[in-house]
Amino acid sequence: MDDPKYQFEYCGLSSWFHYHNVRCSSAFWGDTPSGLGYSDIALYTLIGRVLEHYSQKNVTPTEYCILDLGTYFGHSAFSVVYGAATVSKDPALRVLSVDTFKQPQWLVENNSEVIKFIKSYGSTEPDAIGRRLDLAFSQIGLTRNPVQLLSRDVLTLTAGDLLAFAPKGYRLIMVDCAKTPELMNRIVQFLTDSRVCPMGAIALFQDLFDWHAPWNVYALWRLFKEGVFSLVRAGTAVTPFAEKAAVRKVGTICDQIKESPLVTETWCTAFTTLENEMAALDEFIQIFRGWGYIGAVLKLRCLKVGALLRDGRLDEADGMIKKLDQIWPAQFADYALQNAYCRLQHLRTGQKDLSLILDTPAHRFRSSFVLKKLRYMWARLMYLRPVRCERMSQVDSLVRTSIRKRVSVH
Ligand SMILES: C[S@@+](CC[C@H](N)C(=O)[O-])C[C@H]1O[C@@H](n2cnc3c(N)ncnc32)[C@H](O)[C@@H]1O
């Protein structure tokens with residue numbers, strides 16, 4: 001295997017108390033629409049800070065580039081730059097942020113933050129978002145806006161386009177627009193192209209556990225399995241991310257794309273065999289369980305329900321939902337399970353109704369006032385926990401899994 005040139009060997013990607021940074025950066029972002037949660041912001045600001053530290057170690061800070069696939073209103077890009085700006089007010093980074101900048105009509109008409117943004121800035125197009133970013137960067141003391149917005153469908157983007165902006169490739173690639181299997185395949189081409197994504201580059205899959213884009217977790221598993229990326233975990237509340245560990249082709253990830261039986265429901269598009277999906281989900285479940293990431297394990301088990309539904313195995317999916325309902329720990333909200341139930345009903349009846357509830361005694365218990373309050377308080381406490389990154393290669397994971405198996409056998 002090639003010798004990986006990891007970025008974090010020198011700087012360490014950890015923070016004992018990141019709450020303050022997240023609060024401050026969120027204050028500057030205000031109510032501008034965002035697709036990020038607390039832990040995403042924590043991680044993005046931390047990565048920005050570490051990359052900038054690394055660059056400033058040189059006598060002349062070396063310029064480094066970041067690729068943001070899926071701008072939305074620019075919060076990911078802002079968060080990374082915010083982190084870099086905590087090190088230098090003249091950070092050495094440049095960000096290329098790509099989006100179609102066409103938000104769906106239902107969002108433009110119904111989302112109060114989007115409506116407010118359009119009233120203030122005129123549209124969801126790059127010039128409007130660029131003005132919002134100019135303001136945010138000037139508020140944090142930067143004299144230039146390091147984010148270049150590119151209005152493009154990622155499906156039409158080429159490695160040449162990306163290299164024109166960053167001839168030496170990108171240190172960080174944020175994947176947040178892989179909403180279809182075709183887009184996922186295109187993005188994996190970039191991730192496995194050593195010119196675009198060199199050794200040590202970080203890939204963040206924002207939709208890793210999302211029901212509506214199940215090919216994200218599958219793509220990461222394939223890249224991990226082939227040894228192309230290592231996994232990095234950063235605490236139970238933070239979505240694990242990946243670091244480039246080898247230059248290798250992995251072939252087409254979504255290799256059997258079929259038509260969705262439900263028009264406009266992309267999640268139901270089969271994209272590989274059921275066996276492949278299950279193997280990926282089972283292996284990740286085992287790894288995450290070993291890490292104690294029970295919330296992630298539950299989401300992955302719900303994704304297994306999705307895999308069965310994509311394969312038309314509705315009764316098996318129903319059985320899996322019932323089993324999960326019985327064992328679902330009360331300290332975790334069961335949104336993912338309820339979502340799985342709604343999607344099963346959609347396939348069964350042809351009627352989409354996401355307000356349906358799997359109303360069982362176990363669900364009623366989990367929804368009690370006291371448990372909801374306890375979960376709320378627990379979620380707030382998570383803000384105070386450190387973000388501490390630990391890398392794990394495919395070999396590490398196999399060794400640890402086999403040790404665990406041996407221990408449980410004896
Ligand atoms: C969840 S949002 C991204 C959130 C964002 N990263 C943030 O920081 O708030 C997903 C974005 O992907 C964009 N998108 C979806 N399909 C795309 C495509 N084919 N090409 C480019 N952008 C796309 C959407 O327009 C949307 O803005």
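Values in this text are rule-based calculations from the coordinates and carry no lab data. As the structure is a prediction and not an experimental result, all values here were calculated from the model. Here Cβ is always computed from backbone atoms with ideal geometry, including for glycine, and neighbour counts include all displayed protein chains.
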Item checked: Reachable lysines from Lys57, criterion Cα separation under 25 angstrom, eight or more residues apart if same chain -> Lys5, Lys89, Lys168, Lys244
Check: What's the angle, to the nearest 10 degrees (0 to 90), between helix 314-327's Cα axis and the longest principal axis of the chain?
Finding: 80 degrees
Note to self: Between helix 215-225 and the chain, what is the angle of the helix's C-alpha long axis to the longest principal axis, kept within 0 to 90° and rounded to the nearest 10?
What the structure shows: 80 degrees
Next item on the list: Would you mind putting 380-386, 248-254 in packing order, based on average other-beta-carbon counts within 10 Å, highest first?
Entry: 248-254, 380-386
Check: Label-point separation (nm) for Glu226 and Asp90, each offset 7 Å from Cα along Cα-to-Cβ?
Finding: 4.2 nm
Next item on the list: Calculate the all-directions average of the projected area of the range 75-119's alpha-carbon convex hull, and give it in nm².
Entry: 4.3 nm²
Checklist line | Long-range HN-HN contacts of Ala270 with modeled amide H, under 5 Å | finding: Lys258
Next item on the list: Report the one residue of Ile173, Phe101, His18 whose Cα lies farthest in the direction of the positive end of the charge dipole of the chain (charges on C-beta: Lys and Arg +1, Asp and Glu -1; origin at the Cα centre).
Entry: His18
Margin query: Tell me which of Gly292, Ala279, Gly319 sits at the most positive position along the dipole axis of the range 258-325, charges placed on C-beta atoms (Lys, Arg +1; Asp, Glu -1).
Written below: Gly292
Checklist line | Mean Cβ count within 10 Å, highest first, over the residues of peptides 36-49, 234-247 | finding: 36-49, 234-247
Notebook entry, point to check: If amide H atoms are built 1.01 Å from N in the plane of the peptide, which residues on other chains or at least 5 residues away come under 5 Å of the amide H of Asp68?
Noted result: Leu96, Ser97, Val98, Met174
Next item on the list: Beyond 31 Å between alpha-carbons counts as too far, so tell me which of Lys102/Lys352; Lys323/Lys352; Lys249/Lys304; Lys116/Lys299 fall in that bin.
Entry: Lys116/Lys299
Notebook entry, point to check: Using r as the Cβ-Cβ distance of Asp31 and Lys372, and R0 as 30 Å, what FRET efficiency do you calculate, to the nearest 0.05?
Noted result: 0.75
Next item on the list: Report relative contact order for the chain in percent, whole number only (criteria: Cα-Cα under 8 Å, sequence separation at least 6).
Entry: 16 percent
Notebook entry, point to check: How do the peptides 13-26, 100-113 rank, highest first, by the average count of neighbouring beta carbon atoms within 10 Å per residue?
Noted result: 13-26, 100-113
Check: On full extension of the chain, what length is gained from Val247 through Glu275, given 0.36 nm per residue of separation minus the C-alpha to C-alpha distance?
Finding: 7.4 nm
Next item on the list: Quick one: grab the alpha carbon gyration tensor of the chain, order the square roots of its eigenvalues as a ≥ b ≥ c, and give me rounded if a/c is under 1.5, else prolate or oblate depending on whether a/b is larger than b/c.
Entry: rounded
